[in-house]
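So the structure is just underneath, and the comments pick up after that.
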Amino acid sequence: HELAHRVQARLEDERRLLARELHDELAQGITAVRALAGAIAQRTPDQPALHHPAKNIVAVTGEMQDGVKAILYRLRAVLVHDLATAIAHECTRWELLHPHIALSCRMDIGTAPLAAELTQTALRVVQEGLTNIVRHAKATRAELWIERKGGWLDIRLSDNGCGLGSATSHAGSGLGLTIARAIVRDHGGDLTALSEGKGRGATFTIELPASA
């Protein structure tokens, strides 16, 4: 049992490392190429020799982005069955890795079991949100609240960082939020983001149907 646990932990660490490299290196590079090609296409409508290849690059890199998102989703998928235990473990691990950010984690999800797919989706979204806070928010405090109300599972994640703003280098921007939205929508839920302004951070609210 101990050996199996160690092997599984090693596999999960390897998946996280691969996902981080895909997110930080390949995905960001594709995004930059697509942006440059889009700029060229916009500025050369009267130059077919440049315009058409640039549009083709935009289309191809868009497909590459979708492919990377699908790979990231599969790499970061973790089979879990007990949401409370999984979230508690994730928060403990996160606090050890990022002691400079105070994390408050509260849950009120009752004792009724949740579907394995819902548990996995909720954990995946929380992981993506916490990762974005570390990478982009410049926050010193974060709060996670998970509540089960009727047929819905509500997740609220907020921080006291730089807010959403207009740049791409902020909490919840870029590929991370895109992936989270896709995961939530695939499960029939909804994700909303609210910027509280510079120094007051951002709040992300996720609603997932608990009965799906």
With (1) in a helix (DSSP H, G or I); (2) among the small types (Gly, Ala, Ser); (3) at pLDDT below 85; (4) exposed (fewer than 13 other Cβ atoms within 10 Å of the Cβ) as the list, and residue 49 as the residue in question, which single condition is left unmet? (3)
Which ones in segment 10-46 are open to solvent by 50 Å² or more (accessible area, probe 1.4 Å), acidic (Asp, Glu) and in a helix (DSSP H, G or I)? 13, 14, 21, 24, 25
Hits in segment 98-116 - residues which are of a type in the set (A, V, I, L, M), closer than 11 Å to residue 84 by Cβ and open to solvent by 50 Å² or more (accessible area, probe 1.4 Å): 107
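Among the residues of segment 88-111, are any farther than 30 Å from residue 161 by Cα and not basic (Lys, Arg)?
yes
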Would you check if residue 148 is open to solvent by 70 Å² or more (accessible area, probe 1.4 Å), at pLDDT 85 or above, within 20 Å of residue 87 (Cβ to Cβ) and not in a loop (DSSP other than H, G, I, E, B)? no
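The values are calculated or read from the model by the stated rules, or taken from the named source; none is laboratory data. Here the structure is a predicted model, which is why all the values come from computation and not from measurement. Heads up, the Cβs are rebuilt from the backbone with ideal geometry, glycines too, and the neighbour counts pull from every protein chain shown. For the accessible areas, the whole protein counts, side chains as well, though only heavy atoms, and no ligand, DNA or RNA atoms are used. Shrake-Rupley method; radii C 1.70, N 1.55, O 1.52, S 1.80 Å.
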